[in-house]
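Reading through the structure tokens given below for one structure.
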Amino acid sequence: MSARLSAPPRNPKNETPAPPRAMAHAAQRGNRRRAFPRWAKPALKATLLLVPVLALAGFAAWHLRAGTLGMAIAEARSAFITASADAGLSVNDVAVHGRTATDPDIILRTLGVERGAPILDLDLTEAKARLEQLPWVASAAIERHLPDTLYVRLSEREPMAIWQNDRRFTVIDREGRPLADAAELARRGNRDVERLPQVVGANAPGQVQKLLAALDRVPAVAKRLKAATWVGDRRWNLTLDNGVVVKLPEGGMLTALRQLADMDATGKVLDRDIVVVDLRQPDRMVLQTSVILPGMEDEKKKPGKKT
């Protein structure tokens with residue numbers, strides 16, 4: 001069996017027939033797409049991103065070579081800060097929370113800001129460090145509440161005693177740190193100063209923390225304390241609200257205070273006619289009374305017998 005193969009129609013002029021119009025447009029678009037390789041588009045995006053970076057790097061390199069990079073950065077920062085203030089980011093208010101004893105004017109001077117100053121120009125870390133150098137301030141935190149408020153939160157030290165030394169009276173905290181002149185606070189009308197106990201002695205502030213820690217555990221004695229004297233850089237003498245002097249030992253201060261509190265709770269020792277309670281001996285308590293023995297009336301007054 002034979003097969004017949006049909007040939008294509010004869011084209012006497014040997015010309016390619018013209019494609020339809022839609023096919024022609026599609027071919028043109030395809031040719032245009034093939035004119036740009038596949039990597040061209042990502043390369044173009046990368047170039048657009050790199051141009052400003054390279055420009056900035058060139059700018060920095062030029063200033064670095066000229067030795068003016070730091071100046072250029074400072075000028076750019078200054079221009080930015082000025083523009084931010086012109087846009088309304090300037091200090092209009094300073095809100096302080098937790099302030100009791102610290103003078104408000106001192107806080108403002110320490111912050112170093114004035115109304116209308118650019119709020120972004122304040123270095124919060126440095127300002128915090130400056131505030132924590134103030135005598136009353138234990139810790140500080142500063143926040144910017146945009147557009148125009150600085151918020152300051154303070155934790156102040158608690159006054160615990162008045163240190164008497166060289167005719168000066170200084171309010172100190174639990175750690176013995178000087179806070180303020182007691183006389184100046186009294187002139188300002190601070191009545192809390194009058195209720196603080198006094199500590200006496202050149203090195204008393206360095207030891208007051210241990211004394212207060214022991215008294216915290218024996219409140220019956222602590223509430224009656226009027227003064228404490230650091231004797232010979234070794235131990236404390238306490239003066240109570242009725243004038244009785246309590247001599248504490250060099251070691252075992254807490255034990256001695258508890259012994260005194262127990263004796264007073266059971267026998268009202270501190271309400272008796274005594275002037276000194278000597279607790280320096282660990283195994284006994286010595287009470288010195290104010291009784292004047294017969295035949296001593298004409299002598300200079302001095303403490304009576306010991307029991």
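The values are calculated or read from the model by the stated rules, or taken from the named source; none is laboratory data. Remember, predicted model here, so these are calculated numbers, not experimental data. For neighbour counting, all protein chains shown are included, and Cβ atoms are generated from backbone atoms with ideal geometry for every residue, glycine included. To get the accessible areas, we keep the full protein, side chains included, count just its heavy atoms, and leave off ligands, DNA and RNA. Shrake-Rupley method; radii C 1.70, N 1.55, O 1.52, S 1.80 Å.
Roughly how many Å² is the accessible area per residue of segment 128-237, as a whole number, for a 1.4 Å probe?
Values: 6090 Å² over 110 residues.
On a per-residue basis, 55 Å².
Taking all protein chains as present, what is the carbon and sulfur share of the accessible area of segment 92-225, in % to the nearest whole number, probe 1.4 Å? The computed percentage sits at 46.
Taking Cβ atoms as reference points and 12 Å as the exclusive limit, the residues near D241 contribute a net charge of +3, counting Lys and Arg as +1 and Asp and Glu as -1.
Any idea what the relative contact order of segment 155-218 is, in percent, if you count C-alpha pairs under 8 Å spaced at least 6 apart? Please report the intermediate quantities before stating the final value.
Values: 90 pairs, mean separation 21.4, N = 64.
33 percent.
How high is the FRET efficiency from Q133 to V276, r the C-beta distance, R0 45 Å, rounded to 0.05? Between Q133 and V276 the formula returns 0.55. Annotation: E114 carries an accessible surface of approximately 140 Å², with a 1.4 Å probe and no ligand, DNA or RNA atoms counted. Simple spin-label estimate for E158 and K226 gives 2.5 nm between the two label positions (7 Å along the Cα-to-Cβ direction from each Cα).
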